[in-house]
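**Student:** Pasting a structure here, questions to come.
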């Protein structure tokens with residue numbers, strides 16, 4: 001019975017050389033090109049993922065406590081949902097009209113009291129920052145009050161924007177904004193540093209073009 005079953009089994013040996021398709025040089029080149037293209041996309045996506053992970057790690061590291069960082073993000077998220085989106089939050093906080101919001105990025109602003117977590121807004125007319133949570137300040141009469149830490153810099157007041165990084169740890173990247181009156185602001189801990197800086201460059205470039213066109217007319 002066993003021998004009868006074995007006789008009924010039909011198969012093709014894997015090592016059979018006659019079943020291997022013959023490829024011309026052109027076909028091999030096409031296959032290799034497709035493989036190289038796929039491999040390039042995989043490596044590119046992996047690099048983006050690695051950069052994002054580094055950004056998240058750096059963003060969390062800068063916070064005073066992980067629990068405080070989470071509370072701040074939850075508070076910010078609730079505010080965005082309540083108002084109806086990041087654009088409306090920007091308009092509500094800074095009272096802007098007729099400005100196009102290009103990018104909003106989570107980051108930290110460097111201060112003498114330590115880094116402050118918040119949102120960096122890049123619009124067609126300004127760079128603005130608002131802290132995630134309200135911060136305690138002493139009023140002139142000595143009372144403690146809680147307000148959001150805000151910064152607003154018109155694009156026409158920006159002299160230059162610089163990129164820098166920690167030599168010992170390149171994943172720690174910084175963005176420096178220098179104003180025409182020589183005040184400088186340092187931002188760090190971006191989830192996507194390069195994208196934020198690209199939007200900043202775009203905003204500054206467009207603002208410069210408007211100034212030049214106005215001067216010509």
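The values are calculated or read from the model by the stated rules, or taken from the named source; none is laboratory data. It should be emphasised that the depicted structure is a prediction, and the values quoted were computed from it without experimental measurement. Cβ sites come from the backbone with ideal geometry, for glycine too, and all protein chains shown count toward neighbours.
**Student:** Show the residue pairs that are 6+ apart or on different chains and have beta-carbon atoms under 9 Å apart, the first residue being within region 135-148 and at negative phi and surrounded by fewer than 10 Cβ atoms within 10 Å (Cβ to Cβ), the second being at pLDDT below 85 and part of a strand (DSSP E or B).
**Tutor:** Pairs found: 144/136; 144/137; 144/138; 146/133; 146/134; 146/135; 146/136; 146/137.
**Student:** Step by step: first the residues of region 197-211, then only those that are at pLDDT 90 or above and out of contact with any helix residue (DSSP H, G or I) (no Cβ under 9 Å at 6 or more places or on another chain), then the one that is surrounded by the fewest Cβ atoms within 10 Å (Cβ to Cβ). Which residue is that?
**Tutor:** Residue satisfying both the conditions and the ranking: 205.
**Student:** Same structure, new question: Can you tell me which residue within region 95-114, out of those that are under 14 Å from residue 152 (Cα atoms) and crowded, with 18+ Cβ neighbours inside 10 Å, is modelled with the lowest pLDDT? Give the steps one after another, and end with the answer.
**Tutor:** Going residue by residue through region 95-114, those that are under 14 Å from residue 152 (Cα atoms) are 95-96, 99, 101, 104, 109.
If we keep only those that are crowded, with 18+ Cβ neighbours inside 10 Å as well, we get 96, 101, 104, 109.
Numbers: 96: 86, 101: 94, 104: 92, 109: 92.
Residue satisfying both the conditions and the ranking: 96.
**Student:** Taking the conditions exactly as written (closer than 29 Å to residue 85 by Cα, surrounded by 11 or more Cβ atoms within 10 Å (Cβ to Cβ) and touching a strand residue (DSSP E or B) at 6+ places or on another chain (Cβ under 6 Å)), does residue 161 satisfy them or not?
**Tutor:** Values: closer than 29 Å to residue 85 by Cα: yes; surrounded by 11 or more Cβ atoms within 10 Å (Cβ to Cβ): yes; touching a strand residue (DSSP E or B) at 6+ places or on another chain (Cβ under 6 Å): yes.
Here the answer is yes, as residue 161 does meet what is asked.
**Student:** Right, next: Out of the residues in region 173-196 meeting the condition of being out of contact with any strand residue (DSSP E or B) (no Cβ under 6 Å at 6 or more places or on another chain) and closer than 20 Å to residue 131 by Cα, tell me which one is surrounded by the fewest Cβ atoms within 10 Å (Cβ to Cβ).
**Tutor:** Going through the qualifying residues, I end up with 183.
**Student:** Here are some conditions: (1) touching a strand residue (DSSP E or B) at 6+ places or on another chain (Cβ under 9 Å); (2) at pLDDT 90 or above; (3) over 18 Å from residue 93 (Cβ atoms). Residue 150 meets all but one. Which one does it not meet?
**Tutor:** (3)
Yes/no per residue for (1) touching a strand residue (DSSP E or B) at 6+ places or on another chain (Cβ under 6 Å); (2) modelled with pLDDT of 65 or more:
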position: 65; (1), (2): no, no
position: 83; (1), (2): no, yes
position: 116; (1), (2): yes, yes
position: 123; (1), (2): yes, yes
position: 134; (1), (2): yes, yes
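**Student:** How about region 101-134: which of its residues are without any contact (Cβ under 8 Å) to a residue 60 or more places away in the chain, within 18 Å of residue 190 (Cβ to Cβ) and out of contact with any helix residue (DSSP H, G or I) (no Cβ under 6 Å at 6 or more places or on another chain)?
**Tutor:** 111, 114, 116, 118, 119, 129, 131
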